[in-house]
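Novice: Could you have a look at this structure, given as structure tokens, before my questions?
What follows is calculated from the coordinates using simple rules that are stated; it is not laboratory data. In this text, all values refer to a predicted model and were calculated from it rather than measured experimentally. No Cβ is skipped: glycine too gets one built from the backbone with ideal geometry, and neighbour counts run over all protein chains shown.
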Amino acid sequence: MPDPYAASRAAGEQIEALYGRPLVELAASAEPGGMLYALLDSLDALQYADRGVVFHTEQLHRLSAPERAIGSVEATHITDAARRLSLAVTTREAHAQVLGNVLQSLGRVSGDPSASVTCVAVPAASAPLPAHSR
């Protein structure tokens, strides 16, 4: 089975690389309403979704073990477990995609940060014209 925690592990590493500190230190300094807090909250949701996938996978394996007799009641439980696993995977993939996209948009600026900023001259506002009466 592939590593079910690969996406959350990679996202955690990206957050650490972005801020240059371990997640534990970042979590201690994150303030609600800030970008770091939002990233860590999203990472937590992704890790929770990862655990859900693992749980539902194990549940499906238990229910469909070769030594178990499968009747109509067991078949219903297996179908329900497969549905729950499908929902857990979909949830995890959605969290991973959103967090990955946000992290990708927040990449570090290499070199001199001021060199990448271009300033465009704004034309001076023209003086208002005097009002003409009729």
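Novice: Any idea what Rg and Dmax come out to for the stretch 37-113 if you just take the C-alpha atoms, in Å?
Specialist: Radius of gyration, then largest Cα-Cα span, for the stretch 37-113: 18.5, 67 Å.
Novice: Give me the net charge for the shell around ARG51: Cβ to Cβ below 12 angstrom, other residues only, Lys and Arg +1, Asp and Glu -1.
Specialist: Taking every Cβ under 12 Å from that of ARG51, the sum is -2.
Novice: What does the charge add up to near PRO32, with Lys and Arg as +1, Asp and Glu as -1, over the other residues with Cβ less than 15 Å from its Cβ?
Specialist: Spelling it out: positives minus negatives among the neighbours equals -3.
Novice: Calculated FRET efficiency, SER29 and VAL54, Cβ-Cβ r, R0 35 Å, to nearest 0.05?
Specialist: Once the sixth-power term is evaluated, E becomes 0.70.
Novice: If you don't mind, there's one more thing I want to ask. Quick check on packing: order 36-49, 74-87, 9-22, 57-70 by the mean number of other C-beta atoms within 10 Å, highest mean leading.
Specialist: 36-49, 9-22, 74-87, 57-70
Novice: In nm, to one decimal, how far is the ALA17 label point from the ASP44 one, both placed 7 Å along Cα→Cβ?
Specialist: Those two pseudo-labels are separated by 2.5 nm.
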